[in-house]
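J.: This is the structure I want to talk about, given as structure tokens.
The values are calculated or read from the model by the stated rules, or taken from the named source; none is laboratory data. Please read these numbers as outputs of a predicted model, since none were measured by experiment. Please note: Cβ atoms are built from the backbone with ideal geometry, for glycine as well, and neighbour counts cover all protein chains shown. These area figures cover heavy atoms from the full protein model, side chains too; ligands, DNA and RNA do not enter into them. Shrake-Rupley method; radii C 1.70, N 1.55, O 1.52, S 1.80 Å.
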Amino acid sequence: MSRHFRVWRGDSSGGEIRDYDVDVNDGEVVLDIIHRIQATQAPDLACRWNCKAGKCGSCSMEINGKPRLGCMTRMSTFEESETVTITPLRAFPVIRDLVTDVSFNYTKARETPAFSPPEGLAPGEYRMQQIDVERSQEFRKCIECFLCQNTCHVVRDHEENKEAFSGPRSFIRAAELDMHPLDARSDRKEYAQANQGLGYCNITKCCSEVCPEHIKITDNAIIPLKERVVDRRYDPLVWLGRKIFRRDQLAEAPPAGVAPDAHLDVGEMLSTQSGGPSPFGDDQTFPLTDITYQHPAPGSPSREG
Amino acid sequence: MKERIERHLYDVVVIGAGGAGLRAAIEARLAGKRTAIISKSLFGKAHTVMAEGGAAAAMGNANSRDNWMVHFRDTMRGGKFLNNYRMAELHAKEAPERIWELETYGALFDRTPDGKISQRNFGGHEYPRLAHVGDRTGLELIRTLQQKIVSLQQEDFAETGNYESRIRVFSETTITELLLDGDRVAAAFGYYRESGELILLEAPAIVLATGGVGRSYKVTSNSWEYTGDGHALALRAGATLINMEFLQFHPTGMVWPPSVKGILVTESVRGDGGVLRNSDQKRFMFDYVPDVFRKQYADTEEEADRWYTDPDNNRRPPELLPRDEVARAINSEVKAGRGTKSGGVFLDVSTRMPAETITRRLPSMYHQFKELADVDITKEPMEVGPTCHYVMGGVEVDPDTAAAAGVVRGLFAAGEVSGGMHGSNRLGGNSLSDLLVFGKRAGEHASAYAESLDKRPKVRTADVEAAAGAALAPLHRESGENPYTLQQDLQAVMGDLVGIIRREGELTDALKRLHELKLRVANVGATGGRRYNPGWHLALDLRNMLVVSECTAKAALEREESRGGHTREDFPTMNPQWRKVNLVCSLDDMGEVHLERKPLPAMRPELLELFEYGELTKYMTDEELS
């Protein structure tokens, strides 16, 4: 059965939405349609893909304005008469058609200090409990599709924030290393705050929403990173605890921290300027009107011309 | 025509950024060599992520009776004794160290109650042996190696102020040709996929780690990258390929819906208790236990079921037979009319364990079926059938150094692109450990070789111009044939005529058709310019797919027996005489595939003694045993 598709074609100098009528078979996904367009109508239509099974994170694109994996978006999720519009990831520069320059993510990954092996433990001597590795394992499920990076409005609408802000992918890497039972560094949270722009995140959970691996990015990585930064910097009890307890016992110590009635704003406390940094950059005028991330209505192209 | 060609100098160039390539690159960098990694995709997207089950290594964490000798035995049995014994030996001995090393890079494997690396059961392995992370072990492996490379780049940055001073990743870059200086490799030539710009990487030592060839088949678990590039580059550079007739058809690929046909359902589904049933609801695998395996496998459902909890006193369920046996069994059931509507059989975990256990032990399978097929595997069975998964054959290498055989020097190969290690059939879990063990060895010996030369081999300008001309040719043939049509035709030939079950007439026919395709591929065209143009990329890959397919078809026609990943309907049994023979492919001066028989290296006596005499008689000739 033939159905109507709109696909963005172009490169860094500009482009346009083009129309394609393509046969769709039972059980197909959006990536199948792109492959059919390549094979029958536009052999040079550029699109990244590898595994076609949701495991490699290559075929990230925006489908009806939503950041999705092409291989994991079943055609049966659309109405039969619905036009499906496919556009490249919006937060990254277009190379050609659906392929974008995602080097931003690799640059940020390279700046994040790597795993630091514990001294005095030879290979084969590592001992960890399943329950302790599971927290980090959740973040290691990440397939680096960069949909979270693409959807995060700190960079999606504000190119200028890319310098200071590493994005959700980098935060779960920081959290993963922070929670690694044998990582020798103990400043992962402070690093995330000082060098990765953790303070810019205002916890709108858009990243968690688009994660195809269903990693609870905000709840399990970003919020714990933020909370613990507060603990470490301001709580004398925790400071004392770190001196007295071994690091692995710390987690079992009674949750010390900010008093229950003290509603401290995280960003405000950690900023060098009073009032804290704006999560949307300091060049904003208020009230903020254009920063709320909204899913465009189905069928309306999110990017034209 | 004067083309701008970007030129780089390295000590070691690693082609391929999957597990083997990254491990080789790490080793070369640790040996102090300036190293380049060429990745056809983005960094970290390699096909290794598809490996689900785990990495086999006899660490003995789950069963202390396991050791390298047991692992060696299982590997040889799985490969039907056609393996290069020395590779199987090195692999079994070194795999544990390679796995433990990953923990020092930050890997987080699942744990045993006493905090060690957990190990799971898998087809063909006598003891639980696969280090794993749920069912996404390949992803863990690739991410760990990727992050180790980043960590080395950070060290280099601290020292030199440049992340890429000693190790650089060229992502989305394809190599089309190796250039030689006499019989020594001198450079790798290719293009950036992104811009279409040409690139020349000069290096005295080159490691091939390009993976397999599955893209030449219609139903495959392999991604677009698997076009046999390394196999073809090696052939054209003067190296040889062995065992190309042996392709592994993984028994359990998804068969429905059509868009996911071929995508893998991990063997751990069966290792953890999943069973195969035909459309009559019969657990048919009990009817397919070959004599050579009868001693190790249960003959009743009761015994098989007891094995999951008490493996010491019961024999294994026949669902865990080596992959080739299971694939053939499913093929037979479907052919006999006892398959599902979509042409597969049922694989069921839903009646075997609680939903909660399924989602915990097989999270990515649950996810994959839910999202791709809208099937809840905790409630209903999966539909599965054989899919082209792995090529046992590949570049003939020296077992210890991974150096390619033939008339070329400075070329090394590791991982799926190399041949010999797995014999006629690879055991699940042995590929992840293979690529670590031989990736390291290839990196180490490529570095040592680069070190040993007094002067760098030189590239001839004429060769560079010829390579540039060949790479750009399809773009100048705008009215040439559509590459996608050619690929479909090639896949049809290989899938229909050189598939799981092979016959002489069909193989002869296949060779004729491959010859016709060769003429058409020479006239393939690409429209749309050089910038990220998948049609052009495919047009260039086709040449490699074709020559490798020809090797497979030729060798399949020559080998008149059935063994592991090669089944001849007209020669249905294993023949001990054929076990002594390797089929070796090379290219002659005219660019035609040349096939010859060479003797398989004979196993050392102390390794032979690891097997019972009675078992050896099933594989070997009387004179070998006397």
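J.: Can you tell which of A:Ser81, A:Ser76 is at pLDDT below 95 and facing chain B (nearest Cβ under 8 Å)? I'd like the intermediate steps shown before the answer.
T.: Working: A:Ser81 fails: facing chain B (nearest Cβ under 8 Å).
Criteria check complete, one pass: A:Ser76.
J.: When residues of the stretch B:377-403 are filtered for being in a strand (DSSP E or B) and either more than 15 Å from B:Gly274 (Cα to Cα) or not hydrophobic (A, V, I, L, M, F, W, C) (or both), how many remain?
T.: If we filter the stretch B:377-403 for residues that are in a strand (DSSP E or B), which is where we start, we get B:382-391, B:394-395, B:397, B:403.
Keeping just the survivors that are either more than 15 Å from B:Gly274 (Cα to Cα) or not hydrophobic (A, V, I, L, M, F, W, C) (or both) gives B:383, B:385-391, B:394-395, B:397, B:403.
Summing the residues that are in a strand (DSSP E or B) and either more than 15 Å from B:Gly274 (Cα to Cα) or not hydrophobic (A, V, I, L, M, F, W, C) (or both) in the stretch B:377-403 gives 12.
J.: So for the stretch B:123-139 (the condition being charged (D, E, K, R) and open to solvent by less than 10 Å² (accessible area, probe 1.4 Å)), does at least one residue qualify? Outline the logic, then answer.
T.: So in the stretch B:123-139, the residues charged (D, E, K, R) come out as B:126, B:129, B:135-136.
Now restrict to residues that are open to solvent by less than 10 Å² (accessible area, probe 1.4 Å): B:129, B:135.
Within the stretch B:123-139, one or more residues are charged (D, E, K, R) and open to solvent by less than 10 Å² (accessible area, probe 1.4 Å).
J.: What are the pairs with Cβ atoms under 7 angstrom where one residue, in the stretch A:2-16, is open to solvent by 30 Å² or more (accessible area, probe 1.4 Å) and the other, located anywhere, is not in a strand (DSSP E or B)? Sequence gap at least six, or different chains.
T.: Hits for this filter: A:His4/A:Thr83; A:Arg6/A:Thr83; A:Arg6/A:Pro301; A:Asp11/B:Arg531; A:Ser12/A:Pro93; A:Glu16/A:Gly305.
J.: Going by the conditions given, is B:Asp135 in contact with an Asp or Glu (Cβ under 9 Å, 6 or more places away or on another chain), among the acidic types (Asp, Glu), within 28 Å of A:Cys142 (Cα to Cα) and modelled with pLDDT under 95? Steps first, answer last, please.
T.: On the way: in contact with an Asp or Glu (Cβ under 9 Å, 6 or more places away or on another chain): yes; among the acidic types (Asp, Glu): yes; within 28 Å of A:Cys142 (Cα to Cα): yes; modelled with pLDDT under 95: yes.
Here the answer is yes, as B:Asp135 does meet what is asked.
J.: Taking the stated definitions as given, is A:Arg185 assigned to a loop (DSSP other than H, G, I, E, B) and of a type outside the set (Gly, Ala, Ser)?
T.: Spelling it out, A:Arg185 is indeed assigned to a loop (DSSP other than H, G, I, E, B) and of a type outside the set (Gly, Ala, Ser).
J.: Something else: Here are some conditions: (1) at pLDDT 95 or above; (2) within 23 Å of B:Ala402 (Cβ to Cβ). B:Arg65 meets all but one. Which one does it not meet?
T.: Of (1) at pLDDT 95 or above; (2) within 23 Å of B:Ala402 (Cβ to Cβ), only one is false for B:Arg65: (2).
J.: Okay, next question. Do we have any residue at all in the stretch A:201-217 that's more than 22 Å from A:Leu69 (Cβ to Cβ), more than 14 Å from chain B (Cβ to nearest Cβ) and surrounded by 23 or more Cβ atoms within 10 Å (Cβ to Cβ)? Spell out how you get there, then give the answer.
T.: Let us first name the residues in the stretch A:201-217 that are more than 22 Å from A:Leu69 (Cβ to Cβ), namely A:201-203.
Among the residues that remain, those that are also more than 14 Å from chain B (Cβ to nearest Cβ) are: A:201-203.
Among the residues that remain, those that are also surrounded by 23 or more Cβ atoms within 10 Å (Cβ to Cβ) are: A:201.
Checking the stretch A:201-217: at least one residue is more than 22 Å from A:Leu69 (Cβ to Cβ), more than 14 Å from chain B (Cβ to nearest Cβ) and surrounded by 23 or more Cβ atoms within 10 Å (Cβ to Cβ).
J.: Just need a number here: residues in the stretch B:523-549 that are in contact (Cβ under 8 Å) with a residue 24 or more places away in the chain, open to solvent by 20 Å² or more (accessible area, probe 1.4 Å) and touching an Asp or Glu at 6+ places or on another chain (Cβ under 9 Å).
T.: Final tally of qualifying residues: 5.
J.: Restricted to the stretch B:566-576, and to residues that are in a strand (DSSP E or B) and touching a residue at least 40 places away in the same chain (Cβ under 8 Å), which residue is nearest to B:Thr75 (Cα to Cα)? Step through it out loud before you land on a result.
T.: Initially, the stretch B:566-576 is screened for residues in a strand (DSSP E or B), giving B:566-568, B:571.
Those left that are additionally touching a residue at least 40 places away in the same chain (Cβ under 8 Å): B:566-568.
Numbers: B:His566: 17, B:Thr567: 19, B:Arg568: 23 Å.
Ranking the candidates gives B:His566 first.
J.: For the stretch A:94-111, does any single residue satisfy the condition of being out of contact with any helix residue (DSSP H, G or I) (no Cβ under 7 Å at 6 or more places or on another chain), within 11 Å of chain B (Cβ to nearest Cβ), of a type in the set (Ser, Thr, Tyr) and part of a loop (DSSP other than H, G, I, E, B)?
T.: Looking through the stretch A:94-111, none of the residues is out of contact with any helix residue (DSSP H, G or I) (no Cβ under 7 Å at 6 or more places or on another chain), within 11 Å of chain B (Cβ to nearest Cβ), of a type in the set (Ser, Thr, Tyr) and part of a loop (DSSP other than H, G, I, E, B).
J.: With a cut-off of at least 2 residues that are over 29 Å from B:Gly138 (Cβ atoms), name the strands (runs of 3 or more DSSP E) lying wholly within the stretch A:3-77.
T.: Details: elements: A:14-23, A:60-63, A:66-69.
Hits in the stretch A:3-77: A:14-23.
J.: Within the stretch B:245-260, take every residue that is open to solvent by 10 Å² or more (accessible area, probe 1.4 Å) and modelled with pLDDT of 85 or more and give me the one that is farthest from the other protein chains (Cβ to nearest Cβ). Before you say what the answer is, go through the steps one by one.
T.: At the first step, the residues of the stretch B:245-260 found to be open to solvent by 10 Å² or more (accessible area, probe 1.4 Å) are B:249, B:255-256, B:258-259.
Filter again for modelled with pLDDT of 85 or more, leaving B:249, B:255.
Numbers: B:Phe249: 18, B:Val255: 11 Å.
Among residues in the stretch B:245-260 that are open to solvent by 10 Å² or more (accessible area, probe 1.4 Å) and modelled with pLDDT of 85 or more, the one farthest from the other protein chains (Cβ to nearest Cβ) is B:Phe249.
J.: Return the residues of the stretch A:155-182 that are part of a helix (DSSP H, G or I) and within 14 Å of another protein chain (Cβ to nearest Cβ); say none if nothing qualifies.
T.: The initial filter retains those residues of the stretch A:155-182 that are part of a helix (DSSP H, G or I), namely A:155-156, A:159-162, A:168-179.
Result: A:Arg169, A:Ser170, A:Ile172, A:Arg173, A:Ala174, A:Ala175, A:Glu176, A:Leu177, A:Asp178, A:Met179.
J.: Let me ask something else. Has the stretch B:536-552 got at least one residue that is more than 24 Å from the chain's Cα centre (by Cα) and under 30 Å from B:Asn523 (Cα atoms)?
T.: Of all residues in the stretch B:536-552, those more than 24 Å from the chain's Cα centre (by Cα) come to B:536.
Applying the additional criterion that residues be under 30 Å from B:Asn523 (Cα atoms) yields B:536.
Yes - at least one qualifying residue is present in the stretch B:536-552.
J.: For the stretch B:114-154, give me the residue count where each residue is part of a loop (DSSP other than H, G, I, E, B) and at the interface with another protein chain (Cβ under 8 Å from one of its Cβ atoms).
T.: First, pick out the residues of the stretch B:114-154 that are part of a loop (DSSP other than H, G, I, E, B): B:114-116, B:118, B:121-129, B:132-136.
This time we only want the ones that are at the interface with another protein chain (Cβ under 8 Å from one of its Cβ atoms), so: B:114-116, B:118, B:133-134, B:136.
So the count comes out to 7.
J.: Got a sec? Which of B:Arg520, B:Arg559, B:Arg563 is open to solvent by 10 Å² or more (accessible area, probe 1.4 Å) and in contact (Cβ under 8 Å) with a residue 12 or more places away in the chain? Let's see the steps before the verdict.
T.: Values: B:Arg559 fails: open to solvent by 10 Å² or more (accessible area, probe 1.4 Å); B:Arg563 fails: open to solvent by 10 Å² or more (accessible area, probe 1.4 Å).
One residue alone meets the criteria, B:Arg520.
J.: Quick one: how many residues across the stretch B:83-108 are more than 8 Å from chain A (Cβ to nearest Cβ), in a loop (DSSP other than H, G, I, E, B) and open to solvent by less than 10 Å² (accessible area, probe 1.4 Å)? Give the steps one after another, and end with the answer.
T.: Quick first cut of the stretch B:83-108, residues more than 8 Å from chain A (Cβ to nearest Cβ) only: B:83-95, B:98-99, B:102, B:107.
With in a loop (DSSP other than H, G, I, E, B) added as a condition, the list becomes B:83-84, B:107.
Then drop every residue that is not open to solvent by less than 10 Å² (accessible area, probe 1.4 Å), which leaves B:83, B:107.
Qualifying residue count for the region: 2.
J.: Taking the stretch B:469-487 only, how many residues are without any contact (Cβ under 8 Å) to a residue 12 or more places away in the chain and within 12 Å of chain A (Cβ to nearest Cβ)?
T.: Selection size over the stretch B:469-487: 1.
J.: I'd like to verify a number: residues in the stretch B:465-499 that are in contact with a strand residue (DSSP E or B) (Cβ under 6 Å, 6 or more places away or on another chain) and surrounded by fewer than 20 Cβ atoms within 10 Å (Cβ to Cβ), how many?
T.: The number of residues fulfilling the criteria is 1.
J.: If a residue must be open to solvent by less than 70 Å² (accessible area, probe 1.4 Å) and either within 16 Å of B:Val407 (Cβ to Cβ) or touching a Phe, Trp or Tyr at 6+ places or on another chain (Cβ under 9 Å) (or both), how many such residues does the stretch B:583-592 contain?
T.: Initially, the stretch B:583-592 is screened for residues open to solvent by less than 70 Å² (accessible area, probe 1.4 Å), giving B:583-588, B:591.
Checking the rest, the ones that are also either within 16 Å of B:Val407 (Cβ to Cβ) or touching a Phe, Trp or Tyr at 6+ places or on another chain (Cβ under 9 Å) (or both) come to B:584-588, B:591.
Number of matching residues: 6.
J.: Would you check which residues across the stretch B:342-378 are over 28 Å from the mean Cα position of the chain (by Cα), within 14 Å of chain A (Cβ to nearest Cβ) and of a type in the set (A, V, I, L, M) and list them?
T.: Selection gives B:Val375 alone.
J.: Same structure, new question: Taking the options A:Cys148, A:Cys142, A:Cys152, name whichever one is within 20 Å of B:Ile142 (Cβ to Cβ), open to solvent by 10 Å² or more (accessible area, probe 1.4 Å) and more than 12 Å from chain B (Cβ to nearest Cβ).
T.: Values: A:Cys142 fails: more than 12 Å from chain B (Cβ to nearest Cβ); A:Cys152 fails: within 20 Å of B:Ile142 (Cβ to Cβ).
Only one candidate passes the filter, namely A:Cys148.
J.: Between a residue in the stretch B:65-79 that is of a type outside the set (Asp, Glu) and any residue that is assigned to a helix (DSSP H, G or I), which pairs come within a Cβ distance under 6 Å, given they are 6 or more apart or on different chains?
T.: Short answer, once both residue conditions are applied: B:Trp68/B:Ala92; B:Trp68/B:Lys93; B:His71/B:Ala92; B:Phe72/B:Ala88; B:Phe72/B:Glu89; B:Phe72/B:Ala92; B:Thr75/B:Ala88; B:Met76/B:Ala88.
J.: Sticking with this one: When the residues of the stretch B:299-311 are filtered to those that are farther than 13 Å from B:Asn121 by Cα and part of a loop (DSSP other than H, G, I, E, B), which remaining residue is least open to solvent (accessible area, probe 1.4 Å)?
T.: The initial filter retains those residues of the stretch B:299-311 that are farther than 13 Å from B:Asn121 by Cα, namely B:299-306.
Pick out the ones that are also part of a loop (DSSP other than H, G, I, E, B) and you get B:299-300.
On the way: B:Asp299: 100, B:Thr300: 57 Å².
Ranking the qualifying residues of the stretch B:299-311, first place goes to B:Thr300.
J.: Ok, one more. If only one of B:Pro386, B:Pro381 is touching a Phe, Trp or Tyr at 6+ places or on another chain (Cβ under 7 Å) and under 15 Å from B:Ser221 (Cβ atoms), which one is it?
T.: Numbers: B:Pro381 fails: under 15 Å from B:Ser221 (Cβ atoms).
It is B:Pro386.
J.: Now a separate question. Among the residues of the stretch A:37-47, is any closer than 20 Å to B:Gly535 by Cα, in contact (Cβ under 8 Å) with a residue 60 or more places away in the chain and more than 9 Å from every other protein chain (Cβ to nearest Cβ)?
T.: No; the residues of the stretch A:37-47 include none that is closer than 20 Å to B:Gly535 by Cα, in contact (Cβ under 8 Å) with a residue 60 or more places away in the chain and more than 9 Å from every other protein chain (Cβ to nearest Cβ).
J.: Oh, and also: Can you tell me which of B:Ala62, B:Ala58 is touching a residue at least 60 places away in the same chain (Cβ under 8 Å), buried (at least 24 other Cβ atoms within 10 Å of the Cβ) and either within 9 Å of another protein chain (Cβ to nearest Cβ) or among the small types (Gly, Ala, Ser) (or both)? Show your work before the answer.
T.: Details: B:Ala62 fails: buried (at least 24 other Cβ atoms within 10 Å of the Cβ).
Exactly one of B:Ala62, B:Ala58 is touching a residue at least 60 places away in the same chain (Cβ under 8 Å), buried (at least 24 other Cβ atoms within 10 Å of the Cβ) and either within 9 Å of another protein chain (Cβ to nearest Cβ) or among the small types (Gly, Ala, Ser) (or both), namely B:Ala58.
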